[in-house]
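K.L.:
Below is the structure I would like to discuss, written out as structure tokens.
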Amino acid sequence: MHARIVIVDDRSTNLRIYAQYVAMMGPEFSAKCFHSAIEALQWLETETADLLVVDYRMPEMNGAEFISKFRSRTAGAHIPAIIITARQDRECRITALDAGATDFLQTPVSHIEFRDRALLLLGQHYRQQELKQSLEANRTGADSTDGDDKGGKSMLEQIIDTTPILINATDRNGKFLFLNSYQAALFGRDPDQLVGRPISDIMERELLERETRRNNVILEKGISLPNFEEKFVSEGIDLTFHCNKSPLRNKDNQTIGVLTTGLDITARKFAEEHRTHLALHDMLTGLPNRTLLAQWMRTAIDESKASGKVAALLLLDLDRFKVINDTRGHQTGDILLRQVAERLTSALDSNGFAARIGGDEFAIVLQNLEDNNKAAAVCTNLLATIGDPYMIGGVEQLIGGSIGIALIPEDGTSPDELLRLADLAMYEAKSSGRNCFCFFSPHMNHIAQLNAGIESDLRDALNSDQLFLEYQPIVDTASGNYVGLEALLRWNHPVRGRLYPSDFIKVANDSGLIGRIGTWVIEAVCKQIALFAEEGIELPHIAVNVSPKQFEYAAMCSEILDLAAKYAIPPGKLAIEITEELLIDNSPKVREQLATLRAGGIQISIDDFGTGYSSLQYLRDLPATRLKIDQTFISRVETSATDRAIISTIGHLAHALNMRVVAEGVETEAQFTLLRASGCDEVQGYLMGRPLSVHNLHRLFKDGAQPFRLAAK
């Protein structure tokens, strides 16, 4: 039998591909292609097709509308139709199914998939047509014979019984006139046990009501009901069938009952629902993803408006997850994320749900809250739950969380806006020490808007020479000689004037611009050393502050070493300053990078020592050359014996590790004297000199800088 496949797609490329697929199926298959859905419908008014392949998105009408118009004609009621779509959303597929689509293919479509689906649907279509013709012939024959048993099943009966399609015929009173073995088996019976019995004897109430309603429509109006889905339960398993009902007529064309057929599409429905689940859920944790979160948030917003009760969006970011992920591996990180998801789910009642929206970030929506205190109580509980130890691979892991809270509808009524505000509050919680929660406030939004402007201006600054450097001298406490300089970044903003790092470095870190800025600073320092050297002026080493964010860039070490080589910087003339925060968060990777830099002649200083973790292990393992004591200790050195003892202890420790000790923020001669007595090798601060412009730096070192001396008493 020859099969004609009609293909409708407004794109010529697709038509050529699908027509080629049909040709590859063999000479018994042919394709009729249409760019226009309207032209295809007009052609089908006088011509026949065995299978339709229709694109969902077309300019004149979509695929669902095309199928619906085609199905409205009796001649097209039973022709199988495949919808081809790039969309995965459930509503699109339901719309197409309601219109009468038989199956779906998702682009890009392979030849194998196209062929297999087409052959399956064509085979089912032919079997259904043959069965209907055979039933008609059998009915006509029964009307003209005495119905004697011929002894054994006919070939037709064998075909009907072995076909995996449910087939039954009922009379006007709802009694079975016939049903095949496939359908009888659904009810755990033999066909002979059910013929003559009403459908009410074997169908559960809700299914019976639907079947009766549909049968009455056919009996009253004499029309067919094609392409609907129905569920049957067999041995506790839900099965879904794609069904068709049509009038059962006698030789006088009178409707004497209803003929029902159904194709088992359980596997296809499962696949569709599985694809939908994947589109709306995170594959690692099984939690809803950002798409489903947005849908639920809209529901929560609407319900909050209607009920007048408060709802809240919590944005939770894990603390120290990156450390575990980097040191223990991604597999451990994945296990940890799954355990966090389980704890979040178990900690929430029916008024809350959690979603994973990326990385180690989770969102929680709370509904029907009495007041803000209830949201705070939930956050306290969540932080305690997350903070309990995790046992992974026999090793105990500890993490925390920072939570930002945006209230609904007080702070906003848009999912995107609420996420933005909760994100601001979450970063405020991180800035406040982590492992805590913070409610959004309008002040945060103001700061965020200001930062957004700074980010845009900072991008311009990098391209228009608005950034420049100043250099603060570092003095040896024993000789008074200038033994170093610290490069300090400045920004000549066209509107706001002179800006210091405290005004923009946080934005640079958060926006990712810190990488470009760091490279600019290092090159500017290298260039300055080289320019002075050309004039015969030898500068002491220059230290450059390096942000922990810069260590996330794989090329950072090679960039520094390449720039040092480009400008012929002698070993020891360039130093980088790092903070203890970097050592804690990335210690294995950092040690490797720092060792590479040190081997390349770059000095390394640990800045702000004493304000962070101050781990002796890190000091022992790192190839640092200097230890800079934070100025909070320096400011109290004249009045606090404890601080003097701490400074002295740090000095002994650093010297034991072959490091020089630097005190920063020195402003008085008394501080200088006490620090020298406490073992500090070098000092910097306003007492020795404010940061110098390139011009003043030139003046200081042109003829050789004179040693720094305390004022004579």
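The values are calculated or read from the model by the stated rules, or taken from the named source; none is laboratory data. All of these numbers come straight from a predicted model, not from anything done at the bench. In this analysis, Cβ positions are derived from the backbone assuming ideal geometry, glycine residues included, and neighbour counts consider all displayed protein chains. What goes into the accessible areas is simple: the full protein's heavy atoms, side chains included, and nothing from ligands, DNA or RNA. Shrake-Rupley method; radii C 1.70, N 1.55, O 1.52, S 1.80 Å.
K.L.:
Might you let me know whether segment 458-468 holds any residue that is modelled with pLDDT under 90, of a type in the set (S, T, N, Q) and surrounded by fewer than 21 Cβ atoms within 10 Å (Cβ to Cβ)?
P.N.:
Within segment 458-468, one or more residues are modelled with pLDDT under 90, of a type in the set (S, T, N, Q) and surrounded by fewer than 21 Cβ atoms within 10 Å (Cβ to Cβ).
K.L.:
I would also like to ask the following. Looking at this structure, is SER346 loosely packed, with under 15 Cβ neighbours inside 10 Å and in a loop (DSSP other than H, G, I, E, B)?
P.N.:
The answer is no for SER346.
K.L.:
I need the strands (runs of 3 or more DSSP E) fully contained in segment 7-121, keeping only those with at least 1 residues that are farther than 26 Å from ILE165 by Cβ, at pLDDT 80 or above and open to solvent by 20 Å² or more (accessible area, probe 1.4 Å).
P.N.:
Answer list for segment 7-121: 29-34.
K.L.:
Determine whether HIS242 is free of Cβ contacts under 8 Å to residues at least 60 places away in the same chain and surrounded by 13 or more Cβ atoms within 10 Å (Cβ to Cβ).
P.N.:
Judged against the criteria, HIS242 is not a match.
K.L.:
Continuing with this model, one more query. Within segment 455-504, track down each residue that is hydrophobic (A, V, I, L, M, F, W, C), in contact (Cβ under 8 Å) with a residue 12 or more places away in the chain and within 23 Å of GLY515 (Cα to Cα).
P.N.:
Of everything in segment 455-504, those that are hydrophobic (A, V, I, L, M, F, W, C), in contact (Cβ under 8 Å) with a residue 12 or more places away in the chain and within 23 Å of GLY515 (Cα to Cα) turn out to be LEU458, ALA461, LEU462, LEU467, PHE468, LEU469, LEU485, ALA487, LEU488, LEU489, TRP491, PHE504.
K.L.:
Scan segment 391-400 for residues that are open to solvent by 60 Å² or more (accessible area, probe 1.4 Å) and assigned to a loop (DSSP other than H, G, I, E, B) and report the count.
P.N.:
3
K.L.:
If you scan segment 225-256, which residues turn out to be on the phi > 0 side of the Ramachandran plot and either assigned to a strand (DSSP E or B) or not polar (S, T, N, Q) (or both)?
P.N.:
ASN227, GLU235, GLY236
K.L.:
Which of the residues spanning segment 173-209 are of a type in the set (Lys, Arg), over 23 Å from ARG249 (Cβ atoms) and outside any loop (DSSP other than H, G, I, E, B)?
P.N.:
ARG205
K.L.:
For a quick check of your reading of the model, give me the residue pairs whose first member lies in segment 522-551 and is more than 24 Å from THR579 (Cα to Cα) and free of Cβ contacts under 8 Å to residues at least 60 places away in the same chain, whose second is open to solvent by less than 10 Å² (accessible area, probe 1.4 Å) and of a type in the set (S, T, N, Q), with beta-carbon atoms closer than 7 Å and at least 6 apart or on different chains.
P.N.:
Note: no pairs meet the criteria.
K.L.:
Another one. Regarding ALA384, is this residue within 21 Å of ASP319 (Cβ to Cβ) and touching a strand residue (DSSP E or B) at 6+ places or on another chain (Cβ under 6 Å)?
P.N.:
So ALA384 does not fit the description; no.
Yes/no matrix, rows are residues, columns are (1) touching a residue at least 12 places away in the same chain (Cβ under 8 Å); (2) at negative phi; (3) open to solvent by 10 Å² or more (accessible area, probe 1.4 Å):
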site: ILE335; (1), (2), (3): yes, yes, yes
site: ALA341; (1), (2), (3): yes, yes, no
site: ALA363; (1), (2), (3): yes, yes, no
site: ALA375; (1), (2), (3): yes, yes, no
site: ALA384; (1), (2), (3): no, yes, yes
site: PRO389; (1), (2), (3): no, yes, yes
site: SER402; (1), (2), (3): yes, yes, no
site: LEU407; (1), (2), (3): yes, yes, no
site: SER432; (1), (2), (3): no, yes, yes
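K.L.:
All but one of (1) at pLDDT 75 or above; (2) of a type outside the set (Lys, Arg); (3) crowded, with 17+ Cβ neighbours inside 10 Å; (4) within 18 Å of ILE167 (Cα to Cα) hold for GLN124; state the number of the condition that does not hold.
P.N.:
The number of the failed condition is (1).
K.L.:
Further question: Kindly indicate whether any position in segment 186-197 is closer than 23 Å to LEU97 by Cα and either open to solvent by 60 Å² or more (accessible area, probe 1.4 Å) or among the aliphatic types (A, V, I, L, M) (or both).
P.N.:
No, segment 186-197 contains no residue that is closer than 23 Å to LEU97 by Cα and either open to solvent by 60 Å² or more (accessible area, probe 1.4 Å) or among the aliphatic types (A, V, I, L, M) (or both).
K.L.:
Sticking with this structure for a sec: Can you pull out every residue in segment 215-231 that is in contact (Cβ under 8 Å) with a residue 40 or more places away in the chain, in contact with a Leu (Cβ under 8 Å, 6 or more places away or on another chain) and surrounded by fewer than 20 Cβ atoms within 10 Å (Cβ to Cβ)?
P.N.:
Once the filter is applied, which keeps residues that are in contact (Cβ under 8 Å) with a residue 40 or more places away in the chain, in contact with a Leu (Cβ under 8 Å, 6 or more places away or on another chain) and surrounded by fewer than 20 Cβ atoms within 10 Å (Cβ to Cβ), segment 215-231 yields only GLU229.
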